[in-house]
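The values are calculated or read from the model by the stated rules, or taken from the named source; none is laboratory data. Computed from a predicted structure; not experimentally measured. When we count neighbours, we look across all protein chains shown, and the Cβ atoms used for this are built from the backbone with ideal geometry, even at glycine. Heavy atoms of the whole protein, side chains included, go into the accessibility calculation; ligands, DNA and RNA do not. Shrake-Rupley method; radii C 1.70, N 1.55, O 1.52, S 1.80 Å.
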Amino acid sequence: MFKDMFEPLMDDFTDEDVEFLPLISVEEDDESVKTSYDDIIPILPLKNTVLFPGVVIPITVGRDKSIKLIKDAHHKDKIIGVTAQKDANVEDPTADDLNTVGTIAKIIKMLKMPDGTTTAIIQGKKRITINDIITSEPYFKADITVLEENEVKKDREFKALIGSMKDTAAQIIQLAPNIPSEAKIVLKNIESPSFLINFIASNLNIDVIKKQGILEINLLKDRARQVLKYMNEELQMLQLKDQIQSKVRTDIEKQQRDFFLHQQMKTIQEELGGDAIDQEVRDLEERAAKMKWGDHIKEVFDKELNKLQRMNPAAAEYSVVYNYLELLLDLPWNKFTKDNFDLKRAKKVLDDDHYGLDKIKDRILEYLAVLKLKGDMKSPILCFVGPPGVGKTSLGKSVARALKRKYVRMSLGGLHDESEVRGHRKTYIGAMPGRIIQSLKKVKASNPVFILDEIDKVGTDFRGDPSSALLEVLDPEQNSTFYDNYLELEYDLSKVMFIATANSLSDIQPALRDRMEVIFINGYSAEEKIQIAKRHLLSKQRGAHGLTVKDIRLTEKVIHHIIENYTRESGVRELDRQIASVMRYIAKMVAMEEEYNHSVKTTDIVKILGPGKFDKDIYQEENPPGVAVGLAWTSVGGEILFIESSLSKGKGNLTLTGNLGDVMKESASTALSFLKSKSGDYNIDPDLFKNWNIHIHVPEGAIPKDGPSAGITMLTALTSLFTQRKVKPYLAMTGEITLRGKVLPVGGIKEKILAAKRAGMKEIILCKTNKKDVDEINADFLKGLSFRYVDRMHEVLDLALEKAPAPDSIELN
């Protein structure tokens with residue numbers, strides 16, 4: 001605003017040249033201003049400006065018509081009409097190119113400039129309306145009507161508008177850098193409201209169209225409102241510019257201050273014996289010179305190091321780049337531990353650490369043999385699957401010891417975030433590499449034995465799917481170029497021996513399961529547990545409790561008693577805890593110097609551990625008709641399962657209870673349908689199925705149960721119920737049935753057999769196909785058990801049911 005307020009009058013002319021009062025209002029000088037004008041006057045088109053009444057402006061005249069008009073008017077009464085062109089680009093305007101509202105002006109002075117142009121100083125007098133253009137040659141002449149200014153008297157709103165305009169103008173003058181402060185005094189001394197409005201409107205920093213719109217407003221109050229609106233817009237723009245400049249100025253001052261302080265600190269550090277920052281960079285360079293990495297990694301390191309050297313150490317990104325460079329230096333690029341290929345020693349280490357597990361040990365030794373012969377075989381991805389406590393994780397540690405490799409364990413239980421595997425991008429605050437890269441950095445070797453513990457318990461949520469991220473890690477064809485988001489470089493994992501552990505295969509993603517060689521670790525028999533306790537658990541717990549061999553002795557009989565009466569598990573964790581309880585009791589006796597029996601007997605165990613927690617007599621007692629014993633597999637090993645059935649008066653409805661899954665319910669329906677179709681073969685009255693309700697229950701209802709392996713047990717129980725023939729004692733069975741009466745094989749045979757033996761069963765019925773699973777079990781563990789292999793359901797019933805029916809039978813109404 002007010003961009004040319006004083007320059008045209010004060011800069012270009014001397015006091016002798018000025019023959020007028022440049023800021024005078026027409027209303028204030030009545031003697032020198034005409035009160036009436038001719039109806040026809042010459043019209044001068046203006047290109048880029050609008051003349052307001054009372055305002056003095058210089059105009060440069062270049063067109064021939066305009067020069068002639070100025071000269072003729074200057075020699076006469078010096079009165080002309082001025083109006084703005086609608087389009088400033090038109091060089092030879094016609095009548096249609098002119099706005100109809102303009103201003104009467106008086107030529108105050110005409111000057112011939114050195115460049116040959118003519119400059120005229122004109123002052124606006126009154127607003128006019130052009131009624132008609134009379135002629136356009138030699139210049140425009142028009143019939144006009146003078147627009148008189150309406151007077152606003154004693155209007156408080158108008159007075160407030162004028163006051164607001166003066167205040168706003170004062171703020172604009174203060175913020176605008178190109179307006180002299182003297183302009184405030186000029187505005188304060190203007191007393192005529194109309195001249196103040198016209199003067200401010202003339203100097204507003206707006207385009208010609210908006211100025212023309214202000215000139216065309218007839219009511220003075222409305223004109224004042226419009227001018228104030230444009231003034232407020234300009235004030236807001238100036239305030240915003242001032243805020244931006246102030247912020248930039250503050251930032252520059254802070255940077256200069258920081259630079260000055262850092263220069264001072266650098267000088268002080270040099271005086272004290274060197275710059276710590278420079279020393280850090282030199283250390284990084286020295287370490288990098290010793291690294292044996294590829295050209296691409298070196299190129300990335302050098303690029304990041306150059307970036308670090310150009311950074312201000314106080315910048316937030318400095319520590320990010322520095323930490324990244326340290327990671328590159330800490331990672332074991334192409335660093336490998338030397339494998340020990342002494343297979344006899346490896347076998348001894350595995351045997352010393354674990355009893356049994358011959359199949360797994362053979363697989364590990366086979367891998368070592370191939371690696372010894374070939375030298376560069378890609379590491380296999382093994383997955384140990386079995387119940388808790390059978391030694392899956394500790395076996396991985398033994399493999400590392402046998403190979404003399406570094407050992408890493410990463411627990412995946414409850415892992416939800418994909419970034420735990422792949423890392424975060426460096427752009428995030430607190431970003432870190434993934435746990436795989438971190439583990440390799442920790443062990444300082446690129447070929448450790450890497451245990452992925454509890455891989456079946458990986459979670460999935462909105463943060464990502466870690467099991468999908470593991471697909472690349474566990475694929476020998478892909479993991480040679482493993483990409484970590486933080487590292488942003490490919491890292492070779494092909495020499496890492498990954499060993500995953502899981503309790504159940506069903507919970508592992510199929511694509512992930514397909515990438516691993518699955519090795520099942522079955523539960524231990526009582527004989528195996530006794531050997532594990534003698535070889536490992538006793539010595540471990542004695543050492544943990546500060547006891548010696550002389551302080552306590554546990555015989556095989558006592559250990560077997562603990563296993564039979566205080567544990568029900570496939571592994572040995574609970575056995576380990578019970579032995580620890582015995583050791584604590586003995587440690588207390590030794591510490592208090594009390595008398596005790598150094599050779600612990602079974603009677604002492606009851607005193608130490610309390611009454612037995614498990615009683616296998618309940619599985620051995622004679623059951624009534626309608627009850628059969630089945631075998632089930634769970635993630636913690638095999639279990640004994642009672643199938644109970646009963647009849648009640650009704651309409652033949654089938655009720656199933658015991659927290660059964662859909663597959664188990666379908667097995668019950670299949671068994672009942674088969675029995676109905678074969679009722680004649682077993683002398684069962686068909687009306688019995690219509691008039692009696694059947695209820696099948698599986699005890700321990702709080703535990704969910706599912707699977708098809710209870711099919712033959714349910715059919716045996718139902719047949720026993722309807723024929724009133726008891727199931728033979730000490731008999732257990734497992735197998736799936738079909739409507740055709742075939743018996744199908746099931747899984748988890750070893751765990752089920754061990755559960756049957758723990759419960760005191762003597763005879764087990766299995767599908768013929770499952771014979772191969774029994775043959776894999778050590779014959780020593782099967783002593784006292786006899787197996788009956790069947791193919792059809794009628795074979796099961798012939799073997800399971802007693803020959804003679806019970807004396808009391810069901811009578812129909």
Condition met for THR100 (at pLDDT below 90, closer than 26 Å to ASN198 by Cα, of a type in the set (Ser, Thr, Tyr) and surrounded by fewer than 18 Cβ atoms within 10 Å (Cβ to Cβ)): yes
Lone unmet requirement of (1) part of a loop (DSSP other than H, G, I, E, B); (2) in contact with a helix residue (DSSP H, G or I) (Cβ under 6 Å, 6 or more places away or on another chain); (3) open to solvent by 30 Å² or more (accessible area, probe 1.4 Å) for ILE429: (2)
Total residues in region 507-538, condition touching a residue at least 12 places away in the same chain (Cβ under 8 Å) and either among the hydroxyl-bearing types (Ser, Thr, Tyr) or part of a helix (DSSP H, G or I) (or both): 19
Any hit, region 452-471, residues being in contact (Cβ under 8 Å) with a residue 60 or more places away in the chain, assigned to a loop (DSSP other than H, G, I, E, B) and either on the phi > 0 side of the Ramachandran plot or in contact with a Phe, Trp or Tyr (Cβ under 9 Å, 6 or more places away or on another chain) (or both): no
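Do we have ALA120 as more than 60 Å from the chain's Cα centre (by Cα), among the small types (Gly, Ala, Ser) and modelled with pLDDT of 85 or more here?
Numbers: more than 60 Å from the chain's Cα centre (by Cα): yes; among the small types (Gly, Ala, Ser): yes; modelled with pLDDT of 85 or more: yes.
When the stated conditions are applied, ALA120 passes them.
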Top-ranked residue of region 113-137 - restricted to ones that are touching a helix residue (DSSP H, G or I) at 6+ places or on another chain (Cβ under 6 Å) and farther than 19 Å from THR60 by Cα, ranked as least open to solvent (accessible area, probe 1.4 Å): LYS125
VAL421 being open to solvent by less than 10 Å² (accessible area, probe 1.4 Å), under 21 Å from THR501 (Cβ atoms), in contact with a Gly (Cβ under 8 Å, 6 or more places away or on another chain) and part of a helix (DSSP H, G or I): yes
Matching residues, region 150-183, being of a type in the set (Lys, Arg) and in contact with a Lys or Arg (Cβ under 9 Å, 6 or more places away or on another chain): LYS166
Qualifying position, being part of a strand (DSSP E or B), at pLDDT 80 or above and not aliphatic (A, V, I, L, M), among ASP167, ASP143: ASP143
Residue match in region 17-28 (condition: assigned to a loop (DSSP other than H, G, I, E, B), under 15 Å from LYS126 (Cα atoms) and modelled with pLDDT of 80 or more): no
Scan of region 702-744 for residues that are open to solvent by 10 Å² or more (accessible area, probe 1.4 Å), over 20 Å from TYR682 (Cα atoms) and of a type outside the set (Gly, Ala, Ser), ordered by number: ILE703, PRO704, LYS705, ASP706, PRO708, PRO729, TYR730, GLU736, LEU744
Looking only at region 537-563, and only at residues there that are among the charged types (D, E, K, R) and surrounded by fewer than 12 Cβ atoms within 10 Å (Cβ to Cβ), the one that is nearest to the chain's Cα centre (by Cα): LYS557
Subset of region 291-334 (residues that are in a loop (DSSP other than H, G, I, E, B) and either surrounded by 15 or more Cβ atoms within 10 Å (Cβ to Cβ) or among the hydrophobic types (A, V, I, L, M, F, W, C) (or both)): MET291, TRP293, MET311, PRO313, ALA314, ALA315, LEU331, PRO332, TRP333
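Would you mind finding the one in ILE712, ILE703, ILE696 that is under 17 Å from LEU656 (Cα atoms), assigned to a strand (DSSP E or B) and among the hydrophobic types (A, V, I, L, M, F, W, C)? Outline the logic, then answer.
Details: ILE712 fails: assigned to a strand (DSSP E or B); ILE703 fails: assigned to a strand (DSSP E or B).
Answer to the selection: ILE696.
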Criterion: exposed (fewer than 14 other Cβ atoms within 10 Å of the Cβ), of a type in the set (D, E, K, R), touching an Asp or Glu at 6+ places or on another chain (Cβ under 9 Å) and closer than 30 Å to VAL558 by Cβ - qualifying residue of LYS607, LYS588: LYS588
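So if I check each of ALA84, ALA73, ALA105, which one is of a type in the set (Gly, Ala, Ser) and in contact with a helix residue (DSSP H, G or I) (Cβ under 6 Å, 6 or more places away or on another chain)?
Details: ALA73 fails: in contact with a helix residue (DSSP H, G or I) (Cβ under 6 Å, 6 or more places away or on another chain); ALA105 fails: in contact with a helix residue (DSSP H, G or I) (Cβ under 6 Å, 6 or more places away or on another chain).
Unique residue meeting the criteria: ALA84.
Looking only at region 353-373, filter to residues that are over 43 Å from the mean Cα position of the chain (by Cα) and open to solvent by less than 80 Å² (accessible area, probe 1.4 Å); which one of those is farthest from HIS536 (Cα to Cα)? Reasoning before the result, please.
Looking only at region 353-373, we keep the residues that are over 43 Å from the mean Cα position of the chain (by Cα), and these are 355-356, 358, 369, 372-373.
From what's left, open to solvent by less than 80 Å² (accessible area, probe 1.4 Å): 355-356, 369.
Values: TYR355: 9, GLY356: 13, ALA369: 28 Å.
Selected residue: ALA369.
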Residue match in region 474-484 (condition: open to solvent by less than 10 Å² (accessible area, probe 1.4 Å), among the acidic types (Asp, Glu) and farther than 30 Å from GLU751 by Cα): yes
Residue tally, condition more than 21 Å from LYS392 (Cβ to Cβ) and of a type in the set (Ser, Thr, Tyr), over region 550-586: 4
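Among the candidates VAL399, VAL370, VAL349, which residue alone is touching a strand residue (DSSP E or B) at 6+ places or on another chain (Cβ under 9 Å) and in a helix (DSSP H, G or I)?
Working: VAL370 fails: touching a strand residue (DSSP E or B) at 6+ places or on another chain (Cβ under 9 Å); VAL349 fails: touching a strand residue (DSSP E or B) at 6+ places or on another chain (Cβ under 9 Å).
Among VAL399, VAL370, VAL349, only VAL399 is touching a strand residue (DSSP E or B) at 6+ places or on another chain (Cβ under 9 Å) and in a helix (DSSP H, G or I).
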